[in-house]
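Comments concern the structure below.
All of the numbers you see were taken from the coordinates with simple rules; none came from a lab. Because the structure is predicted, anything quoted here is derived from the model rather than measured. Neighbour counts run over all protein chains shown; Cβ positions are idealised from the backbone, glycine included.
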């Protein structure tokens, strides 16, 4: 299994996809940091969760109406934001970490879907390794690379924020490290969702067709169900995007435990679905 | 007794109501170059896929290196395969592709990559990206992958697809040399009977998922050799008469037909010889067919 992971590292650093993913991550960080817009290309809407990282609205902005705020140029907006004292931009950016899902798509695609799409999987399965070891090593590999990318994103963003915006909008490095560690379970859940889909759909085209709109579809379905079944608002706090935002704030111990339990269920469900779809499938 | 590398017993595979394999029995011994012959869709690739774990069997069983298929673990390392089309990562070079699989297999001696590339004459293009390879070069790289890691058993599915005549000959020589010098066992499939005939020493003829015949090269030669075929009421008596006349180069087929492999014997003379000694001869005719005719006749059910 270790050899499989080593081989995949050998291959992934020679593929364009990982560099495209890195460039995409850098672009998102730059947009978020420079424009003081934590969401950058964030999927979904702004969160109405109390995450205790400040509102990002200072006295000067509070006096402006909606039209005045909209009329501000980027430079003027930046200057205004930099005057804010009770706002941690880095933490707010981490709260919007659902963007990393799109970076993770590249990783799952190059690590798993490319193997199936090019039929290279048959070389491995026919003479090197069992299906079980193959599956587990791919899952571990995707999770590992996603975790590395997550921490890379955190520290690039943290130091980028210090560089562009100074210490006014920054927290300390231990704070962002702690948040990233706390966000790790939902991030691994996202990685397992993508790995599961790669093993279910196998071909790159179908994999992409499913995973790209997946988050939006899930949010739509959940909102629809919540409306239809009149679910308490609290239920939506266990949706992954909201979970990431909550964990970046000041969540209660019970919420952390409950959200991690949800992540464990997601990881188990998608791992099982991927495995059962793969274990007996004929390799083309 | 010869060591068995692969044995299948009543191996079956169905896709819904379609039977891709129907109770296939075959045995590959150590040192064989075992040829799987069949038309497109006969079931050759399906056998290879099941044996290598790329497809699940629907029935029957198989043993590889004396281990049941389901129990295969590290024994897989002893197999080298090229199944269907050669598949590699287009963005990696030939050497990088082989290196990727070498890391997977835990091969630390990188000279094995050079040796494999050398065996298939790809040393000069080792640093060229796979996506820029011609069909023949891709095929060679697939074979290099199968040869890497010094396997005991190599499974090659239509390995000569896309190769030029010189390339085919070189590969044939390579297979035969590896078989003779390193005792590597081969299972090779092809629908080109004449090519497989020059490479293999045992054959399995398969059609519509069913085994038509398993035979050695000598048996195949015998089946295709020019001869006089005699259909007689009492084949045993006819054989005794031939022996008395000093003709020992004959064979009894299924107890109903006698085949005489003697160029000097003419049909009318043989007929007279047997009839004069009281044998009821129903037919005497010249037999012996080309490999292609033999295969066609088997497939069409004209031969037993």
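Annotations for the structure displayed:
- Which of A:92, B:149 has the fewest Cβ neighbours within 10 Å, and the rest in rising order: B:149, A:92
- Helix B:267-276 axis, angle to chain B major axis (alpha carbon atoms, nearest 10°): 50 degrees
- Take each peptide in A:14-27, A:73-86, A:232-245, A:107-120, count the other Cβ atoms within 10 Å of every residue, and average; sorted highest first, the result is A:107-120, A:232-245, A:14-27, A:73-86.
- Fewest-first ranking of B:257, B:56, using other Cβ atoms within 10 Å as the exposure measure: B:56, B:257
- Efficiency of FRET between residue B:183 and residue B:111 - r from beta-carbon atoms, R0 22 angstrom, step 0.05: 0.60
- Label zone at residue A:85 (point 7 Å along Cα-to-Cβ), backbone N below 18 Å, region A:150-191: A:166-172
- Those residues of region A:142-163 whose amide nitrogen sits under 14 Å from the label point placed on residue A:26, 7 Å along Cα→Cβ: A:153, A:156-157, A:160
- Test item: B:46-56 mean partner chain Cβ contacts at 10 Å: 4
- Modelled FRET efficiency - R0 51 Å, residue A:226 with residue B:74, Cβ distances, 0.05 increments: 0.50
- Degrees, to the nearest 10: A:131-165 long Cα axis against longest axis of chain A: 20 degrees
- Sequence-separation-based contact order of region B:13-149, relative, with Cα cut under 8 Å and 6+ spacing, percent: 22 percent
- Distance from region B:39-118 to region B:243-292 (C-alpha centre basis), Å: 48 Å
- Normalising the average separation of contacting C-alpha pairs (under 8 angstrom, six or more residues apart) by the number of residues puts the relative contact order of region B:226-287 at 52 percent.
- Estimated from helical segments only, the mean residue ellipticity of the protein assembly as shown at 222 nm is -16500 deg cm²/dmol, where each DSSP H run of four or more residues counts as -39500 (n - 2.57).
- Working from Cα pairs under 8 Å separated by at least six residues, relative contact order for chain B is 20 percent.
- For the residues A:135, A:199, A:214, a GNM of chain A with alpha-carbon springs under 10 Å puts the largest fluctuation on A:214.
- Peptide-level mean, for A:272-282, of C-beta atoms on other protein chains within 10 Å: 1
- Helix axis angle, A:204-228 relative to chain A longest principal axis, alpha carbon, degrees: 50 degrees
- Label-point separation in nm, residue B:236 to residue B:169, each point 7 Å along Cα→Cβ: 5.2 nm
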